[in-house]
1. Please label the shape of the stretch 1-103 as rounded, prolate or oblate, based on the square roots a ≥ b ≥ c of the eigenvalues of the alpha-carbon gyration tensor (a/c under 1.5 means rounded; beyond that, a/b larger than b/c means prolate, else oblate).
2. To test your reading of the geometry: what angle, between 0 and 90 degrees and rounded to tens, separates the Cα axis of helix 89-101 from the longest principal axis of the chain?
3. Who wins for biggest fluctuation among 50, 36, 13 in a Gaussian network model of the chain, springs between alpha carbons below 10 Å?
4. What base-10 log of the normalised intensity I(q)/I(0) is obtained for the chain from the Debye formula, alpha carbons as equal point scatterers, at q = 0.09, 0.11, 0.14 Å⁻¹?
5. Considering the chain as a Gaussian network with a 10 Å cut-off on Cα pairs, which listed residue, 18, 63, 96, attains the greatest mean-square fluctuation?
6. Considering the alpha-carbon set of the stretch 75-127 alone, what are its Rg and its Dmax in angstrom?
7. Between residue 37 and residue 6, with labels modelled 7 Å along Cα→Cβ, what's the label distance in nm to one decimal, could you check?
8. Anyone know which of 156, 85, 119 comes out most mobile in the 10 Å Cα GNM of the chain?
């Protein structure tokens, strides 16, 4: 079916979601003395993603054909990119968080899951900053604090670095709010 430009425009509600309209909320874990300034982290986050979803499949052969059955869900890691300011506030906090789980010198760290994890959020915003959709990453912790590239010939950029988080699962308002309740 071929439609007109006006019909297409009427189907693209709100003019479409924009990838530069988002807000990230990085929270401190309860223990570990991370000391992250969450407001600063929200402002200096320059890139993030809305998470993808994957459900593995089990292939069951039957008389020359295959029946595919949904298996376990897997959750990808979540990576955010931060601008680095001259006091290294976000980077220092991420290094402290990482160090609280596995000390650089001793190899020891927090052992209780609830002490070193925090819930993180990313929200897609509309052009008026109202929230369109929110994803909450439950029980997240940083698995990697990325390198910062240094170069003598670069004089017109601000340093950035990535932090990769692992989380147990995510929830999102439009899916979980409609989900049935009870044991799963």
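Read-outs: derived from the displayed coordinates by stated rules, not from any lab. Since this is a predicted model, take the numbers as computed values, not measurements. When we count neighbours, we look across all protein chains shown, and the Cβ atoms used for this are built from the backbone with ideal geometry, even at glycine.
1. Details: a/c = 4.26, a/b = 1.36, b/c = 3.14.
In terms of gyration-tensor shape, oblate.
2. Its long axis makes an angle of about 80 degrees.
3. 13
4. Values, matching the q order: -0.47, -0.67, -0.93.
5. 63
6. 14.4, 48
7. Label-label distance for residue 37 and residue 6, simple model: 5.3 nm.
8. In this elastic network of the chain, the residue with the biggest mean-square fluctuation among 156, 85, 119 is 156.
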